[in-house]
Every structure is written in C-alpha cells, then in structure tokens.
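Right, one structure below, let's go through it.
The values are calculated or read from the model by the stated rules, or taken from the named source; none is laboratory data. From a predicted model like this one, the values you see are computed outputs, not experimental measurements. With ideal geometry, Cβ positions are generated from the backbone for all residues, glycine too; neighbour counts draw on all protein chains shown. Remember, those area values only see protein heavy atoms, side chains included, never the ligands or the DNA or RNA. Shrake-Rupley method; radii C 1.70, N 1.55, O 1.52, S 1.80 Å.
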Amino acid sequence: MLLRRCSLCLLLCLIGASAGEAPPELVEREHDQVLLLDGRTLEGRVLERLPDGSLQFQLRDNNRTIRIGAGMYVELRPRQSAEEAVREVGNAALAARDRRRLLAALRWGQERSSAAAAVLALASAWLTRFPADREVLAIAVALWRKQGNWAAIERQARAALATDPQALEAETWLSEAFEGQKRIEEMEQHARSWLQRQPSALRANLIVARAHERAGHPAMAAELYRKAWGVHRDVDSGLALVRVSYELGRHGEVRALADAVAEQHPTLRDELSVYVAAAAVVLGDLALARELLAAPAPATPRHSATALVHAYARAALAYREGRREEAAAAWRAIDHPAAAFAARIASRQPYPEPQTLPYPWREQAQRLNAALALAAGRSEEAQALLGPLAGQQDAEALRLLRLLRAYLDPSMMQVQALADDVQALRCLAHALACRDDPHTEEVLKRLDQRDPYVLCYRAYLAARRGDAQRARLLLVGAGGLPAELAAYRERLMSFLSAPRDLEIAPPFSPGLVGTDWLLEFANSGIAVQTEDGRLTLRGVMRAEGEPLLRLASPVPLSRLRWAALRFAHRQLGSVALGLEISDGDQQGIAVLADSEGRLRWRALRGGRWQPWTPLSATLSERSELVLDLTTNIIHAGASDGELAPLLPRGAPWRGEGRIALIATSAAGVHWNCTVESLRWRLAAR
C-alpha cells in the first residue's frame, strides 16, 4: 500500500512539473494552446495563470471562459509569431553554439518576411564570431540584398575575406555591393584583382569585359566573354560573345556561336537570331537575313543593343537589295552614330563638320568625306582629309594616294623615288589596270617580271582588251601563286572559258537614221547628223511643251543586260538628254541628264508613263550614263559612281523591244548637243 502511494505521489509530481511551457520550436501559433491529459488540445487565450498552476482560459471557438486545473493539462504552448520563434530558437542555439540548430532557424525564418529582422540579428551575431561562415553569410546577404543594404553586404564581405582570403563567394558579394552603391570604378578595380586570384570567376570576367567595351576595346572584351562562356556556359557571357563578335566584324563566327548558345539556352534563340541575320546581311546571305528579319525584334531582349541591331540590319538588308533611299530613311530613324553614318553613306552625303562628332565617328566621317572627294576627282582634298588620321590603313591609303598623284604628275620625280617600294607599285598597277590606263605597262616594268602579281595584271588587261588567248597563256604560265592569286586565276580562267556576252557599239556613221535607227518626232526642228564618228543634235525646238525626241533601235529585251551613253552633258544648255528602254507600249524605263549632270527618271507601267522623279546620282565629266538590267532591280547612274536602284524588273521582258537615245527641251531652245557613243550588252545565248 505504501509503495502504491509513493508511486502515485511521484506521478503527480511529474505531471505538475510537465504542466508548464513547451521548449522553443520553429512554429507560428496564432493562439495559445493547452495540451490536456486526455490528449485533446484546446486553442484560445490564457487570461490568467493562477498561483496553484491552474489557468483561466478563453476558448477560441465560442469565447467561453473555463478554468483548467493544474493537474488537467500536460503542456502550455503560448501563441508565437515567426519572428519570436526565430528569436527564441536562435538565441538558444547561439548560447549553445549549436550551428546546425541556428541554420535551421535562419533558413526557416528566411522563408517568412515577418522574421527578417530576427534572422539578420541572429546572423550578424553569429558572423561576429565566425565572419567566414559561408552558409550563414549567404542567408544574410540574400536578405540585405532585398533591403538594398549594400553597405552591410560590403562590410560583412570584407570581414569574410579578411578572415579567409579563399572565401570566393564573398568576392561576388563585395562586387555586388560596389555595384549597388554605384561605385563602378571600385567594382572594376576589385574585379581585376579578383581575376588574378580566380581567373575563371564568372562575375569578374563579365565586369572586366564590360569595362573593356565601355573603354572602346571590344576585342579584349571578346576574349573574356569567350573564356567565361567556355567555363560556365551561362546566358550572359554567351549572348555577349555573339554580340561582340558581330560588332568586331567576325561575321563568319556569329552563326556557329549563336547555335552553340541557343543549344544551351533555347529561350534565347530569337534574340540570337537578330545577330545571325545582321551578320548574314554583311556576308551576302540575303535569303537567310530576309527570313530571320521577317520576325519583329524580341519584345524583352536581355541586352539593349539587340533592338538597335535588328533595326540596323533591316536597313542594311534594304541597302543590299538596292532599296538605297529606303535604307537611308530607316538608318536616319535610328538614334545611334553608326546608323547616322550609314545613312550618310547610303545617300552619298559628306559630313559638313566631322570634328564635332564623338570618337570614333569623327575619323570615320573624315574617311567618308575623303572617299567622296576622291570619287569626285578631288584627290588633293582627299589627301588633306586623310593626312591627320593616324590609323595604319589611313597611312597606307594616304601613301598610295600620294603615289597616284605623283604618277599623274608629268615630272614623274616622286614615282622614281618609290621605284623600290614593291607593294606600292603593285597597288598602283592594280589601280591603273582596273581602268585600263595606258601607263599601266610602264609601272609593271618597274616590278620583277616573274612577280605573280605582274602576270595576273597582264592577264587581266589582255582579257579586258579581248585577247583571251594571251590571257590564257599568261595564266597557264603563272605557277606557284599565293592563295588569293590562285583563286583569282581560277575565276578568270573560268570566265575566259564561259560563253561571252555580246557588246554592241554601233558606229555613228552617215546614213544612220532610217536604216537601223528610227527617228520619232522628225518635224521638231532638230537635225540629227553624224560627224567624225559622233552624233550631233542641232537646231531650234519648234514644238510647244516639252516634246521628246527619240532615236530608237530594236533590241531583244530578254537578253539585254545594260546600256551606256556617253555625251558631253556640260554642252547641253537647256536640253536634257538620256536613255530609254521599253517594249514599245506597256513597260519601260527612261533616264535624262541635264547640263549639271543631275539625273531624273520615269517608268512606263501599263502603257502610261509616270511623272519624272529626281535621282540622287549625278554624272561627272568623265562618266557615262548607265542603265543596268543585270539583276531583278533596275539601276541607273554614272559609270564611275554607285548606281541608284529604280524599280523591280518584275516579270522578264520578252520579245523585241527598243533602246533609244532621247532628248527634250522647251520650245525655242537652241540645241547643239554631241553624243560620243551608245553601247549595250546582250547576254550570251
């Protein structure tokens, strides 16, 4: 009996001892909880805890107040917020130096925004003792990052690195802290030293690469992007490598790089396609470019340059397809120096004040102005523009320009001084041979006669002058050629072996009108005559308005490739003279030039001639007026300049048509015009 009483007393003592608060745990409780002896759990609010251990308790369900005796419950669990849970558990872990329990509290609290303050307080307390604890520091950095507390991240990252220089994650966090505080120069300096300690660090490579880009060193940036991509295969370095490769002009690499990046990151494929399309335009793969650029630019690109490159490439595609005015307008709509520069090139407009442009566009504008001056025959002006430029290509261009000017100088003294400059004389021979200059042979004699370039220049001249047999003999004897000349020899041999186009240049001889040529509007008052192999138009225009005098000859339209008219446009006065090609009454095209060399054109569509439209191209004193029908876009302009696209040729012209010399003026205008030649080319049958 005594034993039974002792056992009962011991049980009651144990129950009394356990009927207190539970140890801290990671749980949120909105209400107080009382765990009863019978296993039930009551939720509500403890109103009072009496001296004997009993509770005055208000039930959650019905707000009824009850009394719970001290011997009726096992455990009281007070209500607890997430912050309180983290604080209680974390403080206990700190006191016991229980890292496992502390991390559990920090991770649990990290998932609950209301516990952020407690998590950071605990993490900071732990990091005071253990600054390089990577897992605790990572939790703190994540929360500080959300708060924008970059100063705290910097302070703790520095402490971690001071304790453990191999704490590489701290390098990343320190770099982020610099960027978050807009201390870009310090971020870049840190990234450079970081690269020395860890050459493969992704963020360090990206930061230094971007710094190189901003400094105007894209090639150095590309190498860092390439290294980062090779190690990490991440989105940022992959896209950057494709983008910078395009910007560097490594267009042949862009597609393979883009395919490799897209394979790793398929969601990036649309953005990568923009750079593939832009490179395809440069490489001449217009079909691929057209296909890829048919899609709009990505709505949310990862890099801001993508939309710009898309717009630029579409303009470039228009330019390559002959839509030069459309391209110039599209480039002008893009707010970027490169686009403005391209628009100038497309419209053949010099920069009036290149010195006002930022680097490097200032020098590019000077090069453009020099090229336009040289094309217009103003070599002295071109030389003055190239002189201040410091690039290697500028120096070479300036040297060759001086050589060309010296060669054209009758004294020939400067050319004599350059007699040993093989490269310069090769370039001069090339320039002269391209225009079949009679002095070419004199320059070639100054070179080693076994020089493979000399053989190729002579073969080219022979082919140009119609001596195919001599050209073949020279090419056959040119053995051991460098790769670029060997490829040229193969192309020229293939050309010489192919069926030749037929060039027709009918002589202006007496009896011309009425035989092969038909003169329309014979009663205009203008006499058409031939003198010394030239055609003259003289008289006074009698008709009112602006009647069109036409001297036409039949041609097979399906074979017509181009036509060229040479005349003294400076002598035209108030007369306009030019070329016309048509099928007679349904479709055709006409171009006129005035005494200033200004051009205008019109099209014949469905039997009706359209109004005259000005052209941007102009004639120089040495140029011919050319109509080019070799592609599906008809072009016109000066033979020594770039031809302007006029309109799509559409369905091939069939049957017989006519080519005509045309001229017009107002009534009463005195005509005294001279036409030196009219020639055209027919495709081989």
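Of the numbered conditions (1) surrounded by fewer than 22 Cβ atoms within 10 Å (Cβ to Cβ); (2) without any contact (Cβ under 8 Å) to a residue 24 or more places away in the chain; (3) assigned to a helix (DSSP H, G or I), Gln166 fails exactly one; give the number of that condition.
(3) is the only condition that Gln166 fails.
Test Arg344 against the criterion of being of a type in the set (Lys, Arg) and at pLDDT below 75, and give yes or no.
It is false that Arg344 is of a type in the set (Lys, Arg) and at pLDDT below 75.
If you check Ser620 against the conditions, is it open to solvent by 10 Å² or more (accessible area, probe 1.4 Å), farther than 23 Å from Glu656 by Cβ and either small (Gly, Ala, Ser) or at pLDDT 85 or above (or both)?
yes
Hey, does region 39-54 have a residue that's assigned to a helix (DSSP H, G or I) and of a type in the set (Val, Ile, Thr)?
No, region 39-54 contains no residue that is assigned to a helix (DSSP H, G or I) and of a type in the set (Val, Ile, Thr).
Among the numbered criteria (1) modelled with pLDDT of 85 or more; (2) open to solvent by less than 10 Å² (accessible area, probe 1.4 Å); (3) under 38 Å from the mean Cα position of the chain (by Cα), which one does Leu629 miss?
Of (1) modelled with pLDDT of 85 or more; (2) open to solvent by less than 10 Å² (accessible area, probe 1.4 Å); (3) under 38 Å from the mean Cα position of the chain (by Cα), only one is false for Leu629: (1).
Select, from Ala483, Ala424, Ala459, Ala419, the only residue that is modelled with pLDDT under 80 and in contact with a helix residue (DSSP H, G or I) (Cβ under 6 Å, 6 or more places away or on another chain).
Result: Ala424 is the single residue among Ala483, Ala424, Ala459, Ala419 that is modelled with pLDDT under 80 and in contact with a helix residue (DSSP H, G or I) (Cβ under 6 Å, 6 or more places away or on another chain).
Which condition from (1) buried (at least 18 other Cβ atoms within 10 Å of the Cβ); (2) over 30 Å from Phe178 (Cα atoms); (3) of a type outside the set (A, V, I, L, M, F, W, C) is the one that Pro78 breaks?
(1)
If I ask for residues that are open to solvent by less than 70 Å² (accessible area, probe 1.4 Å), in contact with a Pro (Cβ under 8 Å, 6 or more places away or on another chain) and assigned to a helix (DSSP H, G or I), which ones from region 237-292 would you list?
Val244, Glu271, Val274
Scan region 172-179 and give yes if some residue there is under 29 Å from the mean Cα position of the chain (by Cα) and open to solvent by 10 Å² or more (accessible area, probe 1.4 Å), otherwise no.
yes
Would you check which residues across region 220-265 are more than 19 Å from Leu292 (Cα to Cα) and in contact (Cβ under 8 Å) with a residue 60 or more places away in the chain and list them?
Val235, Asp236, Ala240
Could you say which residue among Arg605, Arg600, Arg570 is surrounded by 16 or more Cβ atoms within 10 Å (Cβ to Cβ), free of Cβ contacts under 8 Å to residues at least 60 places away in the same chain and either of a type in the set (Lys, Arg) or farther than 26 Å from Asp640 by Cβ (or both)?
Values: Arg605 fails: surrounded by 16 or more Cβ atoms within 10 Å (Cβ to Cβ); Arg570 fails: surrounded by 16 or more Cβ atoms within 10 Å (Cβ to Cβ).
That would be Arg600, the only listed residue that is surrounded by 16 or more Cβ atoms within 10 Å (Cβ to Cβ), free of Cβ contacts under 8 Å to residues at least 60 places away in the same chain and either of a type in the set (Lys, Arg) or farther than 26 Å from Asp640 by Cβ (or both).
Step by step: first the residues of region 641-667, then only those that are in a loop (DSSP other than H, G, I, E, B), under 35 Å from the mean Cα position of the chain (by Cα) and surrounded by 14 or more Cβ atoms within 10 Å (Cβ to Cβ), then the one that is modelled with the lowest pLDDT. Which residue is that?
Within region 641-667, the match that is modelled with the lowest pLDDT is Arg649.
Would you check which residues across region 211-224 are assigned to a helix (DSSP H, G or I) and more than 17 Å from the chain's Cα centre (by Cα) and list them?
Of everything in region 211-224, those that are assigned to a helix (DSSP H, G or I) and more than 17 Å from the chain's Cα centre (by Cα) turn out to be Ala211, His212, Met220, Glu223, Leu224.
With the condition being within 26 Å of Leu682 (Cα to Cα), within 48 Å of the chain's Cα centre (by Cα) and acidic (Asp, Glu), I'd like the strands (runs of 3 or more DSSP E) fully within region 524-625 carrying at least 1 qualifying residues.
Per the criteria, 576-582.
Suppose the filter is surrounded by 16 or more Cβ atoms within 10 Å (Cβ to Cβ), part of a helix (DSSP H, G or I) and modelled with pLDDT under 80; does Ala397 pass it?
yes
Residue check, Ala638 against (1) open to solvent by 60 Å² or more (accessible area, probe 1.4 Å); (2) among the hydrophobic types (A, V, I, L, M, F, W, C); (3) touching a Ser or Thr at 6+ places or on another chain (Cβ under 6 Å), all met but one. Which one?
Of the numbered conditions (1) open to solvent by 60 Å² or more (accessible area, probe 1.4 Å); (2) among the hydrophobic types (A, V, I, L, M, F, W, C); (3) touching a Ser or Thr at 6+ places or on another chain (Cβ under 6 Å), the odd one out for Ala638 is (1).
From the list Ala115, Ala105, Ala140, which residue is within 30 Å of Glu48 (Cα to Cα) and buried (at least 19 other Cβ atoms within 10 Å of the Cβ)?
Numbers: Ala105 fails: within 30 Å of Glu48 (Cα to Cα); Ala140 fails: within 30 Å of Glu48 (Cα to Cα).
Testing whether each residue is within 30 Å of Glu48 (Cα to Cα) and buried (at least 19 other Cβ atoms within 10 Å of the Cβ) leaves just Ala115.
Out of Glu83, Glu30, Glu48, Glu88, I need the residue that is open to solvent by 40 Å² or more (accessible area, probe 1.4 Å) and modelled with pLDDT under 80. Which one?
Testing whether each residue is open to solvent by 40 Å² or more (accessible area, probe 1.4 Å) and modelled with pLDDT under 80 leaves just Glu30.
Take region 126-158 and flag every residue that is more than 24 Å from Ala95 (Cα to Cα), in a helix (DSSP H, G or I) and of a type outside the set (A, V, I, L, M, F, W, C).
Passing the criteria: Arg145, Lys146, Gln147, Glu154, Arg155, Arg158.
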